[in-house]
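A.B. asks: One structure follows; several queries about it will come next.
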Amino acid sequence: MVKIHERKFVSADPDKCVGCQVCEYICSLTQDKAFNPLKSRIRVVRINQLVNLAVTCRLCEDPPCIAACPRDSLTQSEETGLINVDEDKCNGCGWCIEACDYGAIMLHPENKVVYVCDLCKEKGEPQCVKWCPEEALDMVTSDVLAQKARITAVKKLFQEAIKESSKAS
Amino acid sequence: MFGYAGRILYIDLTTGKTHVEPLNEEYAKKYIGGIGLGMRLWLDYSKPGVDPFSPENPLILANGPISGTVWPTGGNGHAFVAKSPQTYGVGEAKAHGSFGTELKRAGYDAVIFKGKAEKPVYVWIDDDSVQLLDAAHLMGKSPAETEDVIREELGDYYIRVAAIGPAGEKLVRIACIINDKTRAAGRTGLGAVMGAKNLKAIAVRGTLDITVAKPEEFMEYVKEFHERMKGPATKKYRTLGTAENVLVHNSLHCMPTRNYNNATFEGAEKVSGEILNERFVAKIIGCSSCAMRCEHMCVVAEGPYKGTMTRMEYEPLWALGPYCGVDRLDAILKGMDLSNYYGLDAISVGVIVGFAMDCYEKGILTQEDFDGIDARFGNHEALVQIIEKIGKREGIGDILAEGVKIAGEKIGKGAEKLGQHIKGVEVTGYDLRCLKTAALGFAVSFRGADHNRHGAYAFDVKGKVNRLKAEKGRGKMVKDMEDIYTLIDSLIVCKFSRGTYYKELEDMTKLYNLVTGFGITTQEMVQAGERINNVARLFNVREGLGRKDDTLPYKVMHLPVPDEGPSKGAYVSQEELDLLLDDYYESRGWTREGVPTIEKLEEMGMDDLVNIVKE
C-alpha cells in the first residue's frame, strides 16, 4: 500500500524568517527552564543580513544520526519519527553530530549527552512555532513542503496571468 | 540576583590584568543599567578634566537588567560610555543586535576598559576567561571584516563582536563602534576613544543561563507585548520604517537642507521612504529577541553603486541626502555603506559633508583644497569621495575628521558659523528653527545635538503645541520625556518599541520587577529616570560644561527659514532660548546656571556626588 509521509517536523520559511532568535529563547526556556540559545534545539543561522534561517531536526526517514551511533543510543519512533536519545547509553562521542547534514543534533553543554528537537511532546505542540513573531515556523510534512514549492514556482511562472485573473474577478 | 549578572569586569589594557568585582546592588537600583550605570561608574573611575584620548579616560560597556531574556527588543541592547572627544563631556551611545545579550550570558553587567594597550589588541571574553589578543592583522579592516576574521580564528560562528573600523584607529572624532555588522553605537565618537586605547575589537561568547525572578508572569507579559507589537504602535517601524519621515518633515518645512540653508528639499520625492522601500529594501530583519523587526536592509542592484548592501534609517538618509542636497538614493546608500566600512557615525558624516559643501560654495574652501573634487551641493560623487577622505583622514578629510566644530575653527574665514552642532556634536534631521520644543531638548541634551535624548520633536511635529512658539511649560515637557528616555537607555529597551508601553513608566516598572524581583514602585522608577539625568548633568558640570554650552547652532539662531511656506521666517532668538532654558532648569530644580542643587541631589539620594557641585 502506498502511503504519503505523515511525519510532521518544524520548518522555517526563508522568506519570513528574520533571524530574531525568539525560537531559541523559547526552546531553551521550555526544555531547560532558562534563556540560553546554546541549549536550544532550534538554531538560527544568519549568513548575512539577507539570509536568515532557523534550523532544527527534520525527522529524516532512515536517519543518518541513528546509523552513525556506535552505542545504539538513538532510536526513532515509528509513529512520530522523533529521535529518542537513551541518555544512559550516550557517551557524547559526537558521531551522530557529524552524520547530521543539518546540525540539528547537538551536544548538551551541561548534560554531556546529545539532544534534539522532540516537538515539545510534553506540551503537546512545538513552542517555537507557537511563539514565532513572524509566523515563519510551521509544522509540515515533506509532502506539504513539496506542494508549497510547486505552488510558488507556478505562481512565479504565471505572475502576469494571475494578475489579470485577479483583476477580472 | 535576577536580571543582573551581578558582576563587573575590569580590564587594564596597559598591564593586561583583569579582575571581576561584584555589582554594587545599590547602584543597580539607583542607576538601573545601560547608560545610567555606565555614567555613574565612569565618575568613579576617572579624574576631572581627563583628556578623552588619554589612557585615563575609562571606556565603559554596559548591558541592562533585561538583556539576555526573551523580552521583545529588550533582550539585546548594550551601551558604551566615556568622555566624548566631541563634547568633552558625556559620551554615550547604544546599539542593539546580538552583542549585549551575549555579554550578559558571559556573566557581566558591565566591562570597564582602563589604560592603553602597547600594541593593537582585541579582547576575547569567553565566560570567565578573558584574554588580550594581538590585533595587528585586523588593523585597517572594517568592523564587518573584523567580525568575520575573529569568528574564523577563534573557531566559533556564534561569537559576537563589536569593533571599530579604520576611522576609529585614526582617532576620527565621529568614529563609532559597530556590532553585528550593521548595528552602530554611533554618536559622540566613542570609536575614537576605543582607538586611542589601541583596542580594535571586543569579542564575546557567553554560555550561562539567564533566568528571571517571576518566570510565569514574565512570559505572560512577553505574550502581551508580542501582541502589542503587532499593533499600530510599531506599524511605522515594521512597514516604511523611519524613512517615512522624509516626506512628513519636508511637508512641514522642518527638514534641514543643504547645511541648514533651507528647511525643505525639492528632491524629497526622489529620496522618500516610499521610493526606498519600493526600489531598494530587500528584507526587513530583526535583532535578537525582537518581535517587531525594523532593520530595513537595502541592496543597490544596478548603476555606479551596484553591490552596495546596507541598513537605512531616516537620520543617515537625511544627512547624506537632503543635508548635502543629494537626491540619489543609490549614492546615499553607498555613503551609508562606506560609513559602516570605515566605522563612522553616518549622521555626523553627512552633516560634515554638508558643511564642507557649504564652505566650498561660499569660497571658503576651494576645489584645490578638495584635491580636485567639485564639492558643490547635490554632487553625489563628491559625497562619496569626501566620505572616503574622512574615513582615511586623507587631504581635506584630515581636518573634516575633527567634526564640524573643530574643523570650522581650524578652517576659519567664517567656517565656524557654518558648522551646525551643539556641544561639538553634529545636528540631526529636525529643523530646530521651527520646532521649538525640540530646540530646547537639543540645547540641553547631555550628549550634544540629538533627537534621541528626549524625543521632544514629537510635540511639535504632531501639532500638540505651537511649534513656532517658545513659551513656558516646554521645560517640563522636555524634562519628563528625558526622564523616560534615559530609563529606556538604562533598562535598555528599544526606542522604536516605546509606543507599546501603553502606560509608559508603570509598564516599565512592572517589567523591571518581573525580571529582577526587586519590587520597586513606579514612583521610584520615575525618580531613577530623573536621577540618571542628574548624574549625566554632574558628569558635564564636573568636566566644565554649563549653561553656556546649552545652546543652539549658529544658523538656528541667525538664519531665519527662507523657504516660502509654513516655517518661513522662523528662528530661535537668544531671548527665546533663555526663556526656554530658565523654564527647563526650574522644572529640574537646578540653578539658573543649570547646576543641580545640593538639596535636589540629596532628595534623590545622590549625597555621594554633592562634592561635584560644591566646588
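The values are calculated or read from the model by the stated rules, or taken from the named source; none is laboratory data. Everything quoted here is computed from the prediction, not taken from an experiment. Quick reminder, even Gly has a Cβ in these numbers, built from the backbone with ideal geometry, and neighbours come from all protein chains shown. Note: areas computed on protein heavy atoms with side chains; ligands, DNA, RNA excluded. Shrake-Rupley method; radii C 1.70, N 1.55, O 1.52, S 1.80 Å.
A.B. asks: Considering only the stretch B:86-120, how many residues are of a type in the set (Asp, Glu) and within 14 Å of chain A (Cβ to nearest Cβ)?
C.D. replies: Residues that pass the stated criteria total 1.
A.B. asks: Another question, if that's okay. Pick from A:Lys123, A:Lys112, A:Lys155: which is in contact with a helix residue (DSSP H, G or I) (Cβ under 7 Å, 6 or more places away or on another chain) and within 23 Å of A:Ser28 (Cβ to Cβ)?
C.D. replies: Going through A:Lys123, A:Lys112, A:Lys155 in turn, just one is in contact with a helix residue (DSSP H, G or I) (Cβ under 7 Å, 6 or more places away or on another chain) and within 23 Å of A:Ser28 (Cβ to Cβ): A:Lys123.
A.B. asks: Within the stretch B:386-397, how many residues are more than 13 Å from B:Val353 (Cα to Cα) and not basic (Lys, Arg)?
C.D. replies: Looking only at that region, the number is 2.
A.B. asks: Can you tell which of B:Ala162, B:Ala167 is away from chain A (no Cβ under 14 Å) and not in a strand (DSSP E or B)?
C.D. replies: None of the other options fit; the residue is B:Ala167.
A.B. asks: Give me a count of the residues in the stretch A:4-18 that are within 13 Å of another protein chain (Cβ to nearest Cβ) and of a type in the set (Lys, Arg).
C.D. replies: Going through the stretch A:4-18 one residue at a time, the tally reaches 1.
A.B. asks: Taking the condition of being more than 8 Å from chain B (Cβ to nearest Cβ) and either of a type in the set (Lys, Arg) or not in a loop (DSSP other than H, G, I, E, B) (or both), how many residues in the stretch A:47-57 meet it?
C.D. replies: Residues in the stretch A:47-57 being more than 8 Å from chain B (Cβ to nearest Cβ) and either of a type in the set (Lys, Arg) or not in a loop (DSSP other than H, G, I, E, B) (or both): 5 in total.
A.B. asks: Between residues in the stretch B:12-35 that are in contact (Cβ under 8 Å) with a residue 12 or more places away in the chain and residues that are open to solvent by 70 Å² or more (accessible area, probe 1.4 Å) and not aromatic (Phe, Trp, Tyr), which pairs lie under 7 Å by C-beta distance while being six or more apart or on different chains?
C.D. replies: B:Leu13/B:Lys116; B:Thr14/B:Lys116
A.B. asks: B:Arg311 is checked against (1) over 21 Å from B:Val349 (Cβ atoms); (2) within 14 Å of chain A (Cβ to nearest Cβ) and fails just one. What number does that condition carry?
C.D. replies: With (1) over 21 Å from B:Val349 (Cβ atoms); (2) within 14 Å of chain A (Cβ to nearest Cβ) applied to B:Arg311, the lone miss is (1).
A.B. asks: Among the listed residues A:Ala54, A:Ala68, identify the single one that is small (Gly, Ala, Ser), closer than 19 Å to A:Cys23 by Cβ and touching a helix residue (DSSP H, G or I) at 6+ places or on another chain (Cβ under 9 Å).
C.D. replies: Answer to the selection: A:Ala54.
A.B. asks: Kindly check whether there is at least one residue in the stretch B:212-229 that is out of contact with any His (no Cβ under 7 Å at 6 or more places or on another chain), within 14 Å of chain A (Cβ to nearest Cβ), surrounded by 19 or more Cβ atoms within 10 Å (Cβ to Cβ) and farther than 30 Å from B:Gly519 by Cα.
C.D. replies: no
A.B. asks: Now for a different question. Give, as residue ranges, the strands (runs of 3 or more DSSP E) completely inside the stretch B:6-122 that count at least 2 residues that are open to solvent by less than 10 Å² (accessible area, probe 1.4 Å).
C.D. replies: Correct list: B:7-12, B:59-62, B:78-83, B:90-95, B:110-114.
A.B. asks: Now, a different point. Scan the stretch B:399-413 for residues that are open to solvent by 50 Å² or more (accessible area, probe 1.4 Å) and touching a residue at least 12 places away in the same chain (Cβ under 8 Å) and jot them down.
C.D. replies: The answer is B:Ile399, B:Lys405, B:Lys413.
A.B. asks: From the residues in the stretch B:371-398 that are within 19 Å of B:Leu333 (Cβ to Cβ) and among the β-branched types (Val, Ile, Thr), which one is surrounded by the most Cβ atoms within 10 Å (Cβ to Cβ)?
C.D. replies: B:Ile390
A.B. asks: Please work out which residue is surrounded by the most Cβ atoms within 10 Å (Cβ to Cβ), limiting yourself to the stretch A:19-31 and to residues that are facing chain B (nearest Cβ under 7 Å) and farther than 13 Å from B:Thr69 by Cβ.
C.D. replies: Per the stated criteria, the residue is A:Cys20.
A.B. asks: When you check B:Ala282 against the structure, is it of a type in the set (Gly, Ala, Ser), crowded, with 23+ Cβ neighbours inside 10 Å and in contact with a strand residue (DSSP E or B) (Cβ under 6 Å, 6 or more places away or on another chain), yes or no?
C.D. replies: No; evaluated as a whole, the condition is false for this residue.
A.B. asks: Of everything in the stretch B:127-140, what is touching a strand residue (DSSP E or B) at 6+ places or on another chain (Cβ under 8 Å), under 24 Å from B:Tyr342 (Cβ atoms) and open to solvent by 60 Å² or more (accessible area, probe 1.4 Å)? Give them in sequence order.
C.D. replies: B:Asp134, B:Met139, listed by residue number.
A.B. asks: Then there's this: Among the candidates B:Leu418, B:Leu365, B:Leu333, B:Leu338, single out the residue that is touching a Cys at 6+ places or on another chain (Cβ under 9 Å), of a type in the set (A, V, I, L, M, F, W, C), within 22 Å of B:Val246 (Cα to Cα) and touching a residue at least 24 places away in the same chain (Cβ under 8 Å).
C.D. replies: Within the list B:Leu418, B:Leu365, B:Leu333, B:Leu338, the selection yields B:Leu333.
A.B. asks: A:Arg43 fails exactly one of the following numbered conditions: (1) of a type in the set (D, E, K, R); (2) touching a residue at least 40 places away in the same chain (Cβ under 8 Å); (3) more than 10 Å from chain B (Cβ to nearest Cβ). What is the number of that condition?
C.D. replies: (3)
A.B. asks: For the stretch B:251-262, which positions are in contact (Cβ under 8 Å) with a residue 24 or more places away in the chain and open to solvent by 10 Å² or more (accessible area, probe 1.4 Å)?
C.D. replies: Scanning the stretch B:251-262 gives B:Leu252, B:His253, B:Arg258, B:Asn261, B:Asn262.
A.B. asks: Quick one: in the stretch B:351-370, of everything that is in contact with a Gly (Cβ under 8 Å, 6 or more places away or on another chain) and more than 22 Å from B:Arg173 (Cα to Cα), which residue is most open to solvent (accessible area, probe 1.4 Å)?
C.D. replies: B:Lys362
A.B. asks: Pick from B:Val20, B:Val50: which is within 27 Å of B:Gly186 (Cβ to Cβ), assigned by TED's automatic domain parsing to the domain that holds B:Arg105 and out of contact with any helix residue (DSSP H, G or I) (no Cβ under 9 Å at 6 or more places or on another chain)?
C.D. replies: Sole residue among the options that is within 27 Å of B:Gly186 (Cβ to Cβ), assigned by TED's automatic domain parsing to the domain that holds B:Arg105 and out of contact with any helix residue (DSSP H, G or I) (no Cβ under 9 Å at 6 or more places or on another chain): B:Val50.
A.B. asks: Here are the criteria: (1) away from chain A (no Cβ under 14 Å); (2) free of Cβ contacts under 8 Å to residues at least 24 places away in the same chain. Tell me which single one B:Lys283 does not satisfy.
C.D. replies: Looking at each condition in turn, B:Lys283 falls short on (1).
A.B. asks: Still on this structure, please answer the following. Quick check, is B:Ala136 over 30 Å from A:Gly103 (Cβ atoms) and without any contact (Cβ under 8 Å) to a residue 40 or more places away in the chain?
C.D. replies: yes
A.B. asks: Please work out which residue is farthest from the other protein chains (Cβ to nearest Cβ), limiting yourself to the stretch B:178-211 and to residues that are part of a strand (DSSP E or B) and open to solvent by 10 Å² or more (accessible area, probe 1.4 Å).
C.D. replies: So the residue we want is B:Ala184.
A.B. asks: Between B:Val130, B:Val149, B:Val172, which is free of Cβ contacts under 8 Å to residues at least 60 places away in the same chain and either more than 14 Å from every other protein chain (Cβ to nearest Cβ) or of a type in the set (A, V, I, L, M, F, W, C) (or both)?
C.D. replies: Within the list B:Val130, B:Val149, B:Val172, the selection yields B:Val149.
A.B. asks: All but one of (1) surrounded by fewer than 24 Cβ atoms within 10 Å (Cβ to Cβ); (2) away from chain A (no Cβ under 14 Å); (3) at negative phi; (4) more than 24 Å from the chain's Cα centre (by Cα) hold for B:Phe265; state the number of the condition that does not hold.
C.D. replies: (1)
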